[in-house]
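Q: Please see the structure below; I have some questions.
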């Protein structure tokens, strides 16, 4: 598809055959519709400025032809008939180049656009344009700004993501999670956004967390848990490696409450483990489970280690004390 034919289409100067060609091209792919939408905006702006333009028309037309010749076309170039409109082809081409520059500037400096990265049923690794590497747990979604050379901005919508950020002091790496903002220049850390809560755990370097004007710095081995109604940021030591199970393929408990182990297994296996009473859930366990051992294998280890019994009701699993 040529830009000249699109101009004719906008001016209603296409033949019946050419009109059918353009319509078929528009219906073939949504990206074609997006291109045409941008092209039409440039065209309309160009018509308004055409009368006032002092651009060298012959030179502009040569530049326009050079640009369009580089585009890959899916059909032979259309035969161009003289326009019935009062605007000349050279004037139109000159204005298109002028407005095209304005449009390009808008794309660079206007509202940011983001690219989505979604992990559905399996863990996904994604490398960003600056060399930073993300590992997304299942059922996670992030978006990063298209113009990564100017900004390093990421939005975490949901799920569990490990960030290994490339060092760059001149361009801080910023993650937005609802009302929470996380800023680093080069470090590794994990962020979980689940059930309205946000948890940040730092493995290396320094991470700055902000909420409603409050700021705290987290260092290696520190974390912050931000609830839905949180008004204060409180950091604490991270005491286990359970958060890392989707990367290590291990559930590593280190004097960890059994309730937390059950919660993480529910995330990993999509199970519904519950504990009969809070005192049992608060009891701790120190052991390593293999994710590949499966839910049944790991429940057996818990049962033997903790001296509990397991009761099943369809998909629900209840852990309770032996009487």
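The values are calculated or read from the model by the stated rules, or taken from the named source; none is laboratory data. Bear in mind that the values here come from a model prediction, so they are computed numbers and not experimental data. No Cβ is skipped: glycine too gets one built from the backbone with ideal geometry, and neighbour counts run over all protein chains shown.
Q: Give the range 221-242 a look and list any residue that's touching a helix residue (DSSP H, G or I) at 6+ places or on another chain (Cβ under 8 Å) and either assigned to a loop (DSSP other than H, G, I, E, B) or under 22 Å from residue 184 (Cα atoms) (or both), or say none. Reasoning before the result, please.
A: Restricting attention to the range 221-242, the residues satisfying the condition of being touching a helix residue (DSSP H, G or I) at 6+ places or on another chain (Cβ under 8 Å) are 240-242.
Residues satisfying the conditions are 240, 241.
Q: Determine whether the range 304-313 contains at least one residue that is within 26 Å of residue 123 (Cα to Cα) and either modelled with pLDDT of 90 or more or surrounded by fewer than 16 Cβ atoms within 10 Å (Cβ to Cβ) (or both).
A: Within the range 304-313, none of the residues are within 26 Å of residue 123 (Cα to Cα) and either modelled with pLDDT of 90 or more or surrounded by fewer than 16 Cβ atoms within 10 Å (Cβ to Cβ) (or both).
Q: What tally of residues in the range 314-323 results from selecting those that are exposed (fewer than 12 other Cβ atoms within 10 Å of the Cβ) and either without any contact (Cβ under 8 Å) to a residue 40 or more places away in the chain or touching a helix residue (DSSP H, G or I) at 6+ places or on another chain (Cβ under 8 Å) (or both)? Don't jump to the end; show me each part of the working.
A: Going through the range 314-323, the residues exposed (fewer than 12 other Cβ atoms within 10 Å of the Cβ) turn out to be 314-316, 322-323.
With either without any contact (Cβ under 8 Å) to a residue 40 or more places away in the chain or touching a helix residue (DSSP H, G or I) at 6+ places or on another chain (Cβ under 8 Å) (or both) added as a condition, the list becomes 314, 322-323.
Qualifying residue count for the region: 3.
Q: Further question: Are any residues in the range 148-162 exposed (fewer than 15 other Cβ atoms within 10 Å of the Cβ) and under 16 Å from residue 130 (Cβ atoms), and if so, which ones? Break it down stepwise before answering.
A: The initial filter retains those residues of the range 148-162 that are exposed (fewer than 15 other Cβ atoms within 10 Å of the Cβ), namely 149-150, 157.
Hits for the range 148-162 are 149, 150.
Q: Can you pull out every residue in the range 285-296 that is touching a strand residue (DSSP E or B) at 6+ places or on another chain (Cβ under 8 Å) and surrounded by fewer than 15 Cβ atoms within 10 Å (Cβ to Cβ)?
A: 286, 288, 290
Q: So, residue 254, is that one within 24 Å of residue 289 (Cα to Cα) and surrounded by fewer than 16 Cβ atoms within 10 Å (Cβ to Cβ) or not? I'd like the intermediate steps shown before the answer.
A: On the way: within 24 Å of residue 289 (Cα to Cα): yes; surrounded by fewer than 16 Cβ atoms within 10 Å (Cβ to Cβ): yes.
For residue 254, the condition - within 24 Å of residue 289 (Cα to Cα) and surrounded by fewer than 16 Cβ atoms within 10 Å (Cβ to Cβ) - is met.
Q: State whether one or more residues within the range 196-207 are under 14 Å from residue 236 (Cα atoms), touching a helix residue (DSSP H, G or I) at 6+ places or on another chain (Cβ under 6 Å) and surrounded by 15 or more Cβ atoms within 10 Å (Cβ to Cβ).
A: Yes: one or more hits.
Q: Could you identify the single residue in 170, 204, 183, 187 that is farther than 23 Å from residue 268 by Cβ and without any contact (Cβ under 8 Å) to a residue 12 or more places away in the chain? Please lay out each step first, then the result.
A: Working: 204 fails: without any contact (Cβ under 8 Å) to a residue 12 or more places away in the chain; 183 fails: without any contact (Cβ under 8 Å) to a residue 12 or more places away in the chain; 187 fails: without any contact (Cβ under 8 Å) to a residue 12 or more places away in the chain.
Of 170, 204, 183, 187, the one residue that is farther than 23 Å from residue 268 by Cβ and without any contact (Cβ under 8 Å) to a residue 12 or more places away in the chain is 170.
Q: Of all residues in the range 258-284 being surrounded by fewer than 18 Cβ atoms within 10 Å (Cβ to Cβ) and either in the same structural domain as residue 134 (by TED's automatic domain parsing) or part of a strand (DSSP E or B) (or both), which is farthest from the chain's Cα centre (by Cα)?
A: Here the answer is 284.
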